[in-house]
Amino acid sequence: MMVHPILGVPAGTIPDEGIRKGGSTGRIGYFGMTRNGGDKMHAGVDLICGVGAPVYAAHAGRVMQAGWQNGGEGKPGAGYGLRVYLADSTTTSVYAHLCHLLVQQGDELEAGQLIGFAGWTGNADPRDVHVHFEIRRGDPVDPVEEFEKIADAERHPPIKGV
Ligand SMILES: [Zn+2]
């Protein structure tokens with residue numbers, strides 16, 4: 001099962017339009033957009049939300065890292081700012097620019113568990129509050145496509161034992 005990190009509900013309960021809406025807008029960041037003159041690819045999607053919006057674990061797993069990127073306590077421009085890396089055997093997900101964390105390294109989480117609250121730490125702007133969300137399976141994949149795929153599978157579970 002996969003849970004939307006901002007909506008906090010399983011992918012299978014969200015219509016595709018909702019996944020796209022809850023996901024990227026052209027104005028902030030969609031997967032694969034380039035920055036800095038094209039040498040840097042945006043490896044995730046920017047989920048628009050309010051300051052202090054609850055952020056949920058997209059899947060079950062273990063917290064691999066939780067805290068400030070590079071230990072750069074509150075330093076402006078320090079990339080992801082306050083962030084969480086969550087991993088299971090196939091997938092790592094990343095939640096960045098949070099203002100407060102409720103989990104720490106080594107915690108075992110359920111899908112949908114509250115991990116922290118949205119903010120604008122790192123290189124984020126208070127005028128465009130969002131959670132930078134990544135899904136990596138080895139390489140980064142498009143979280144919106146991933147959600148659409150999983151939502152589809154959850155809406156139409158395979159028929160067993162026929
Ligand atoms: Zn981003």
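For this structure, a couple of remarks:
- Check on L101, at pLDDT 95 or above, in contact with a Pro (Cβ under 7 Å, 6 or more places away or on another chain) and away from the ligand (no atom under 16 Å from the Cβ): no
- Boolean, A96 is under 24 Å from G29 (Cβ atoms), within 16 Å of the ligand (Cβ to nearest atom) and either in contact with a Gly (Cβ under 9 Å, 6 or more places away or on another chain) or outside any loop (DSSP other than H, G, I, E, B) (or both): yes
- Selection over region 104-140 of residues that are within 15 Å of the ligand (Cβ to nearest atom), in contact with a strand residue (DSSP E or B) (Cβ under 7 Å, 6 or more places away or on another chain) and not aliphatic (A, V, I, L, M) gives a count of 10.
- Taking the criterion of being touching a strand residue (DSSP E or B) at 6+ places or on another chain (Cβ under 6 Å) and within 16 Å of the ligand (Cβ to nearest atom), the residues of region 42-65 that qualify are A43, G44, V45, D46, L47, I48, C49, A53, V55, A58.
- Any chance L86 is away from the ligand (no atom under 16 Å from the Cβ), surrounded by fewer than 17 Cβ atoms within 10 Å (Cβ to Cβ) and either at pLDDT 95 or above or of a type in the set (A, V, I, L, M) (or both): no
The values are calculated or read from the model by the stated rules, or taken from the named source; none is laboratory data. This structure is a prediction, so every number in the text was calculated from the model and none was measured. In this analysis, Cβ positions are derived from the backbone assuming ideal geometry, glycine residues included, and neighbour counts consider all displayed protein chains.
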